[in-house]
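> I have a structure here, written as structure tokens, and I will follow up with some questions on it.
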Amino acid sequence: MKKDSKRGNFSSKKDAPSYESVLQCMRCGFCLPTCPTYALTGRERSSPRGRVALARAVHEENLQFTAALKQESFFCLDCRACTSACPSGVKAGEVMEVCRSQSQQFFPGSPLAQGFRSFVLERMLPDPDLLEKSMLPNRLYQRLGIQWLVRHSQLLKLGPNWVEKAEGMLPRIGAPLRQQLPELIPARGEKRGRVAFFLGCVMSLMYSEVSRQTVRILAHQGFEVVIPKETKCCGAPHMSEGDRETARALARFNIDLFLAQEVDYIVTDCAGCGASLKEYEELLHGEEDRQRLELFRSKVRDVQEFLCAVGLRTEELQPVNTSVTYHEPCHLCHAQGVSNQPRELIKTIPGVELREMDEASWCCGSAATWGLKFNAESQQVLDRKLAKVAATDAEHLITANPGCQLQLAWGLKKSGMKQDVLHLMELLGRATPESGT
């Protein structure tokens with residue numbers, strides 16, 4: 001057996017799953033009922049324990065890093081449900097996430113594909129200004145009536161199915177929120193602390209109203225909110241696509257930026273961002289000062305986790321007479337262990353009836369770009385989720401992650417269902433009186 005120093009048949013370059021991370025699997029099968037891809041295929045290699053076994057075989061030089069392992073590394077949703085279920089603490093999703101980096105080393109793709117990938121991951125996403133400029137064509141596409149013409153023609157039928165889905169998922173794009181928010185929002189009423197808000201890429205560009213409500217609610221709850229305009233992408237897309245080196249550079253930048261703010265906590269309203277920020281400590285292990293990594297990690301909170309911990313001021317909240325059901329984002333409930341807190345917040349809002357759905361923590365089939373790469377499989381996962389939503393007959397579907405919002409809103413509209421999708425901060429924002437913030 002080959003140890004980590006020799007890496008077995010993994011590439012000698014950076015980023016291979018450690019031997020210890022795959023050795024813990026007892027093949028007990030507790031993970032099997034939790035895995036969406038295993039439920040779809042019944043294929044052992046598409047189960048968490050099957051994927052871990054493949055990685056172990058590469059470590060022990062019983063298997064080369066094959067195209068099949070590359071496929072499984074990307075076919076895994078990385079929903080982390082198996083991690084929640086595993087009695088041995090095996091993190092199969094994270095093992096596959098690291099294997100995606102190996103996939104890029106063994107199977108780099110065509111020069112054209114490499115160039116496009118490099119531009120998106122290394123140039124566009126790390127640059128807030130360039131990222132905002134890239135959304136201008138989408139705004140013009142929507143405002144000039146081109147979108148209406150495209151959707152009422154047969155043009156989208158001429159391309160791959162994922163193109164039609166991607167276009168259909170596009171929400172109304174407004175002006176970039178980063179340019180609209182002040183750098184400091186004062187606390188309202190008795191000050192309870194000072195927090196920094198992590199302005200996520202997708203949230204600020206596609207769901208600006210969510211983040212606008214988030215900072216308004218934080219201020220209303222008595223917190224001074226610092227909004228560093230230099231914030232860069234959290235690195236989640238890079239880790240999802242196997243570019244851990246760029247993710248490290250982004251992590252170092254964000255750690256330096258936010259630790260310089262002298263705040264009590266670093267708050268995010270994006271489950272994917274929160275999971276990535278909390279994993280900087282592991283991503284930079286052995287490369288950066290351990291105490292700084294631990295300090296940064298100790299300050300990061302999802303906004304629902306944060307508000308539940310500090311206690312919600314309810315005396316000024318206004319009734320919102322409606323019924324809701326809650327879909328748990330995978331990277332909130334499984335990656336961060338934040339599950340009860342959003343429910344507690346919902347129950348605190350006057351007039352809101354929470355109707356629990358079955359399999360609330362089952363993935364919706366979005367999983368970053370998974371829903372486009374595996375379009376047919378994503379639809380099957382989504383259909384299972386929508387059936388559970390329909391059974392509640394709630395008026396609104398609540399979630400807390402932009403990827404989930406895109407997928408679920410598209411699915412509800414396509415299925416002709418009555419529910420709309422709201423981020424929990426939008427729901428709480430309806431109960432929070434305006435304060436001039």
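The values are calculated or read from the model by the stated rules, or taken from the named source; none is laboratory data. From a predicted model like this one, the values you see are computed outputs, not experimental measurements. Ideal geometry is used to build each Cβ from the backbone, glycine not excepted, and the neighbour counts take in all protein chains shown.
> Take the conditions assigned to a helix (DSSP H, G or I), in the same structural domain as Val202 (by TED's automatic domain parsing), under 30 Å from Arg100 (Cβ atoms) and aliphatic (A, V, I, L, M) and apply them to Leu293. Does it pass? I'd like the intermediate steps shown before the answer.
Numbers: assigned to a helix (DSSP H, G or I): yes; in the same structural domain as Val202 (by TED's automatic domain parsing): yes; under 30 Å from Arg100 (Cβ atoms): yes; aliphatic (A, V, I, L, M): yes.
Criteria met by Leu293.
> For Glu279, indicate whether it is more than 20 Å from Ile227 (Cβ to Cβ), modelled with pLDDT of 95 or more and not β-branched (Val, Ile, Thr).
Here the answer is yes, as Glu279 does meet what is asked.
> Further question: Name the residues in the stretch 5-26 that are without any contact (Cβ under 8 Å) to a residue 60 or more places away in the chain and surrounded by 12 or more Cβ atoms within 10 Å (Cβ to Cβ), would you? Quick ask: steps written out before the conclusion?
We begin by selecting, within the stretch 5-26, every residue without any contact (Cβ under 8 Å) to a residue 60 or more places away in the chain; these are 5-9, 12, 18-20, 23.
Once the filter is applied, which keeps residues that are without any contact (Cβ under 8 Å) to a residue 60 or more places away in the chain and surrounded by 12 or more Cβ atoms within 10 Å (Cβ to Cβ), the stretch 5-26 yields Lys6, Arg7, Gly8, Asn9, Ser18, Tyr19, Leu23.
> Another question about this same structure. So, in the stretch 421-433, exactly how many residues are within 14 Å of Cys404 (Cα to Cα) and in contact with a His (Cβ under 6 Å, 6 or more places away or on another chain)? First the steps, then the outcome.
Here is the first cut: in the stretch 421-433, the residues within 14 Å of Cys404 (Cα to Cα) are 421-424.
Checking the rest, the ones that are also in contact with a His (Cβ under 6 Å, 6 or more places away or on another chain) come to 422.
Within the stretch 421-433, residues that are within 14 Å of Cys404 (Cα to Cα) and in contact with a His (Cβ under 6 Å, 6 or more places away or on another chain) number 1.
> Right, here's the next one. Do we have Thr66 as among the polar types (S, T, N, Q) and either surrounded by 17 or more Cβ atoms within 10 Å (Cβ to Cβ) or at pLDDT 95 or above (or both) here? Before you say what the answer is, go through the steps one by one.
Values: among the polar types (S, T, N, Q): yes; either surrounded by 17 or more Cβ atoms within 10 Å (Cβ to Cβ) or at pLDDT 95 or above (or both): no.
It is false that Thr66 is among the polar types (S, T, N, Q) and either surrounded by 17 or more Cβ atoms within 10 Å (Cβ to Cβ) or at pLDDT 95 or above (or both).
> Is there any pair with a first residue in the stretch 379-393 that is farther than 15 Å from Met169 by Cβ and a second that is of a type in the set (Lys, Arg) whose Cβ atoms are under 7 Å apart and which are 6 or more apart or on different chains, and what are they?
Thr392/Arg355
> Out of everything in the stretch 360-413 that is modelled with pLDDT of 95 or more and among the β-branched types (Val, Ile, Thr), what residue ends up being surrounded by the fewest Cβ atoms within 10 Å (Cβ to Cβ)?
By that ranking, first place goes to Thr392.
> Considering every residue within the stretch 372-382, establish whether at least one is small (Gly, Ala, Ser) and in a loop (DSSP other than H, G, I, E, B). So that I can check it myself, show each step before the final result.
Keep residues of the stretch 372-382 that are small (Gly, Ala, Ser), which gives 376, 378.
Now narrow it down to the ones that are in a loop (DSSP other than H, G, I, E, B): none.
No, the stretch 372-382 contains no residue that is small (Gly, Ala, Ser) and in a loop (DSSP other than H, G, I, E, B).
> Residue under question is Val202, and the condition is that it be surrounded by 14 or more Cβ atoms within 10 Å (Cβ to Cβ), assigned by TED's automatic domain parsing to the domain that holds Val225, in contact with a Phe, Trp or Tyr (Cβ under 8 Å, 6 or more places away or on another chain) and at negative phi; does it hold? Write out each step before concluding.
Values: surrounded by 14 or more Cβ atoms within 10 Å (Cβ to Cβ): yes; assigned by TED's automatic domain parsing to the domain that holds Val225: yes; in contact with a Phe, Trp or Tyr (Cβ under 8 Å, 6 or more places away or on another chain): no; at negative phi: yes.
So Val202 does not fit the description; no.
> Moving on. Would you mind stating whether Asp393 is over 16 Å from the mean Cα position of the chain (by Cα) and within 16 Å of Gly416 (Cα to Cα)? Talk me through it step by step, then tell me what you get.
Values: over 16 Å from the mean Cα position of the chain (by Cα): yes; within 16 Å of Gly416 (Cα to Cα): yes.
Yes: the conditions hold for Asp393.
> Criterion first (part of a loop (DSSP other than H, G, I, E, B) and out of contact with any helix residue (DSSP H, G or I) (no Cβ under 8 Å at 6 or more places or on another chain)) does Ala335 satisfy it?
Values: part of a loop (DSSP other than H, G, I, E, B): yes; out of contact with any helix residue (DSSP H, G or I) (no Cβ under 8 Å at 6 or more places or on another chain): no.
In short, no.
> Would you check which residues across the stretch 81-133 are of a type in the set (Phe, Trp, Tyr) and either under 23 Å from Trp362 (Cα atoms) or without any contact (Cβ under 8 Å) to a residue 24 or more places away in the chain (or both) and list them?
Step one: list which residues in the stretch 81-133 are of a type in the set (Phe, Trp, Tyr), which gives 106-107, 116, 119.
Result: Phe116, Phe119.
> Please work out which one of (1) hydrophobic (A, V, I, L, M, F, W, C); (2) out of contact with any Ser or Thr (no Cβ under 8 Å at 6 or more places or on another chain); (3) in contact (Cβ under 8 Å) with a residue 12 or more places away in the chain is the condition Ala260 fails and give its number.
(3)
> Sort out which residues of the stretch 78-133 are touching a Phe, Trp or Tyr at 6+ places or on another chain (Cβ under 7 Å), assigned to a loop (DSSP other than H, G, I, E, B) and surrounded by 16 or more Cβ atoms within 10 Å (Cβ to Cβ), and write them in order of number.
Cys86, the sole residue that qualifies.
> Additional query: How many residues does the stretch 28-56 hold that are in contact (Cβ under 8 Å) with a residue 24 or more places away in the chain, surrounded by 14 or more Cβ atoms within 10 Å (Cβ to Cβ) and not in a helix (DSSP H, G or I)?
So the answer is 3.
> Taking the criterion of being acidic (Asp, Glu) and free of Cβ contacts under 8 Å to residues at least 24 places away in the same chain, would at least one residue in the stretch 57-71 satisfy it? Talk me through it step by step, then tell me what you get.
Of all residues in the stretch 57-71, those acidic (Asp, Glu) come to 60-61.
Add one more test, that the residue is free of Cβ contacts under 8 Å to residues at least 24 places away in the same chain, and what stays is none.
Looking for residues that are acidic (Asp, Glu) and free of Cβ contacts under 8 Å to residues at least 24 places away in the same chain, one finds none in the stretch 57-71, hence no.
> Here are Pro319, Pro329: which of them is outside the structural domain of Lys191 (by TED's automatic domain parsing), buried (at least 19 other Cβ atoms within 10 Å of the Cβ) and either touching a residue at least 12 places away in the same chain (Cβ under 8 Å) or among the charged types (D, E, K, R) (or both)?
Details: Pro319 fails: buried (at least 19 other Cβ atoms within 10 Å of the Cβ).
Result: Pro329 is the single residue among Pro319, Pro329 that is outside the structural domain of Lys191 (by TED's automatic domain parsing), buried (at least 19 other Cβ atoms within 10 Å of the Cβ) and either touching a residue at least 12 places away in the same chain (Cβ under 8 Å) or among the charged types (D, E, K, R) (or both).
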